[in-house]
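Have a look at the structure below, then the notes.
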Amino acid sequence: MELRHLGRTGLRVSRLGLGTLTWGRDTDEHDAAEQLKTFWEAGGTLVDTADVYADGAAEYLLGQFLEGLVPRRDLVIATKAGSVPDPDRRFDTSRGHLLEALDASLERLGTDHVDLWQLHAFDPATPLEETLQALDIAVSSGRARYVGVSNFSGWQLAKAATWQLASPGAQTRLASTQMEYSLLQRGIEREVLPAVLDLGLGLLPSSPLGRGVLTGKYRHATPADSRGASEQLAAFVAPYLDEEAGRIVDAVTTAADGLATTPLQVALAWVRDRPGVTAPIVGARNAQQLRAALSAEALSLPHEICQALDDVSAPVHRYPDQDWSTL
């Protein structure tokens, strides 16, 4: 698998990443192990997880597979901290919580460092400088090699990156941001993506297949074994089952038919090769699904197909996102 630099850093990662959101919950130990081995054998290196995935079980499973199944040195392990299962406070990026969460993640993973440590979300209740100080401590102590953020809006991302650049002394610069991005969700193109390109960050798109909808499996009905039929994830899929999404899925299917490939491959190749993107994070229910996603590695979309998909899925961007003089 082709490798790409993560933003303007020296860290290189596979241009497709493996997501572990369902590990330890919907994906059992056997299926998780088969996924990881399949991914590694295909040349994949970037494995993304978080301390709250299955209440830590995803990290624990990944830790069980290191060395015995896949060499630790062959993987770029990315995890997150900052989300908390507390109905009164969804996020906590205080210095104390973050560093305790990192230590707990390392224990579950069975390693002395993570390659990429990410803030799971912006916490308005904690001063940003306190949060960023925790990132500095993590890197200076050797517990994290690089740091990034996730689910930051454009202004939040720019503020964090600018604070690091402007503060006196050696500051740990952000390497990446992880955001939902697909043909069905192009909202980051308003402000986040321009900030990513200007700041030289690597973009890690989550849900690059539109929460599974872009595979085309929901065109006529909801499969009984799909996320859309799952009690836990049905509400997650539902927003992308409307008429507008249906038109985009039809266009992806038409493109796939013309290229003698699958809608999954077309949708994944589109987002993988967008400006600023380093590696889409792909989650799969089993190894067979993962192999189907990894097969997109060989596909490069013709310019005409990309343009057609751009047009059919184009979000409405008006003032102030466009040059005001053209409005």
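What the table below lists for this structure:
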read-out	value
A104-A125 pseudo-label distance in nm [points 7 Å out on the Cα-to-Cβ vector]	1.5 nm
Average accessible surface area per residue within the chain, 1.4 Å rolling probe, Å²	45 Å²
Accessible surface of the range 224-324, 1.4 Å probe, proportion on carbon and sulfur as whole %	53 percent
Relative contact order, percent, the range 113-172 [alpha-carbon distance under 8 Å, six or more residues apart]	45 percent
Separation between Cα centres of the range 128-166 and the range 230-261, rounded to whole Å	35 Å
Relative contact order computed over the range 7-74 (Cα-Cα under 8 Å; 6+ residues apart), in percent	39 percent
Net length gained if the chain between Q64 and L3 were fully extended (0.36 nm per residue, minus Cα distance)	19.4 nm
In the range 202-275, the GluC sites (Glu not before Pro) that fall in loop regions by DSSP, at most 16 other Cβ within 10 Å	E231
Calculated Rg and Dmax of the chain using C-alpha coordinates, Å	19.3, 60
Taking the chain and dividing mean pair separation by its residue count, relative contact order in percent (alpha carbons under 8 Å, at least six apart)	18 percent
Sites I137 and A292 - FRET efficiency at Förster radius 41 Å, r taken between beta-carbons, to 0.05	0.50
For G17, residues with placed amide H under 5 Å, excluding near neighbours	I281, V282
Whole-percent carbon and sulfur share, accessible surface of the range 1-65, 1.4 Å	45 percent
Highest-first arrangement of 283-296, 306-319, where packing means the average Cβ count within 10 Å	283-296, 306-319
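The values are calculated or read from the model by the stated rules, or taken from the named source; none is laboratory data. Values in this document were obtained by computation on a predicted structure and should not be read as measured data. With ideal geometry, Cβ positions are generated from the backbone for all residues, glycine too; neighbour counts draw on all protein chains shown. When the accessible area is computed, the model is the full protein with side chains, heavy atoms only, and any ligands, DNA or RNA have been set aside. Shrake-Rupley method; radii C 1.70, N 1.55, O 1.52, S 1.80 Å.
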